[in-house]
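The values are calculated or read from the model by the stated rules, or taken from the named source; none is laboratory data. Note that the structure is a prediction, hence the values are computed from the model and not measured. Heads up, the Cβs are rebuilt from the backbone with ideal geometry, glycines too, and the neighbour counts pull from every protein chain shown.
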Amino acid sequence: MNGFARVLLIAGGTFFVALGALGMFLPVLPTTPFLLLAAMCYARSSRRFHHWLLTNRWCGEYLRNYREGKGISRKQKITTIALLWLTIGGTVLLAVSLWWVRLVLLGMAVGVTAHLMRIKTFEPDPFAESLGRCNPLEKHPIEQHFESERRSL
């Protein structure tokens, strides 16, 4: 990949991370699609940034679980829905006077809530947590051992 395309992808990934971070606080802005786009941009341009995003303490586990189809944890669902209704509810009650805008905002909140409820709820595997995988992008030493044993057979 040439340098210009790489720089463009890194800039795009950084822009999408910023939008995803804003989406954590603004209920109208979706977080997950922007973080997934950032991961895609970083995966094609910078191993370091991609690794940083997938191991980030704020969104790394969330992104890995979502990408692997494991779903969203119950705590994340509750927090997201609570923040969604607090911000949209506050906006509807305190900031908007037009009835149709209130209706649109409430409709969006209902739609996002329904979407979140339909996403699979991630239940962590106690055994997997006990393995203590340090780097989620690398295989655990036990997994590496069994894989090498399988190949030697």
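The residues of the range 83-112 that are under 15 Å from residue 23 (Cα atoms) and among the polar types (S, T, N, Q) amount to a single one, 87. Filtered by the rule that a residue be of a type in the set (S, T, N, Q) and within 12 Å of the chain's Cα centre (by Cα), the range 49-79 gives 55, 56, 65, 73, 76. Note on the range 22-53: residues that are under 24 Å from residue 92 (Cβ atoms) and modelled with pLDDT of 90 or more total 1. Within the range 84-106, if we keep just the residues that are surrounded by 14 or more Cβ atoms within 10 Å (Cβ to Cβ) and not β-branched (Val, Ile, Thr), the residue that is farthest from the chain's Cα centre (by Cα) turns out to be 102. Selection over the range 1-38 of residues that are of a type in the set (A, V, I, L, M) and in contact with a Gly (Cβ under 8 Å, 6 or more places away or on another chain) gives a count of 4. Scanning the range 112-143 for residues that are at pLDDT 60 or above and in a loop (DSSP other than H, G, I, E, B), we see that the one that is nearest to residue 28 (Cα to Cα) is 119. For the residues 7, 17, the requirement of being of a type in the set (Val, Ile, Thr) and either under 11 Å from the mean Cα position of the chain (by Cα) or part of a loop (DSSP other than H, G, I, E, B) (or both) singles out 17. Of all residue pairs spaced 6 or more apart or on separate chains, those with beta-carbon atoms under 7 Å, a first member in the range 72-100 that is assigned to a helix (DSSP H, G or I) and a second member that is polar (S, T, N, Q) are 74/121; 77/121; 81/113; 84/113.
Only a single item in (1) outside any helix (DSSP H, G or I); (2) buried (at least 17 other Cβ atoms within 10 Å of the Cβ) is not met by residue 38, and it is number (1). Here residue 9 does not qualify as surrounded by fewer than 17 Cβ atoms within 10 Å (Cβ to Cβ) and in contact with a helix residue (DSSP H, G or I) (Cβ under 9 Å, 6 or more places away or on another chain). May I ask you to verify whether residue 109 is of a type in the set (A, V, I, L, M) and either at pLDDT below 85 or crowded, with 17+ Cβ neighbours inside 10 Å (or both)? Judged against the criteria, residue 109 is a match.
Only one of (1) touching a Phe, Trp or Tyr at 6+ places or on another chain (Cβ under 8 Å); (2) in a loop (DSSP other than H, G, I, E, B); (3) not charged (D, E, K, R) is not met by residue 58, so which one is it? Unmet for residue 58, out of (1) touching a Phe, Trp or Tyr at 6+ places or on another chain (Cβ under 8 Å); (2) in a loop (DSSP other than H, G, I, E, B); (3) not charged (D, E, K, R): (1). Of the conditions (1) under 20 Å from the mean Cα position of the chain (by Cα); (2) crowded, with 16+ Cβ neighbours inside 10 Å, residue 30 satisfies every one except a single condition; which number is it? It fails just one condition, (2).
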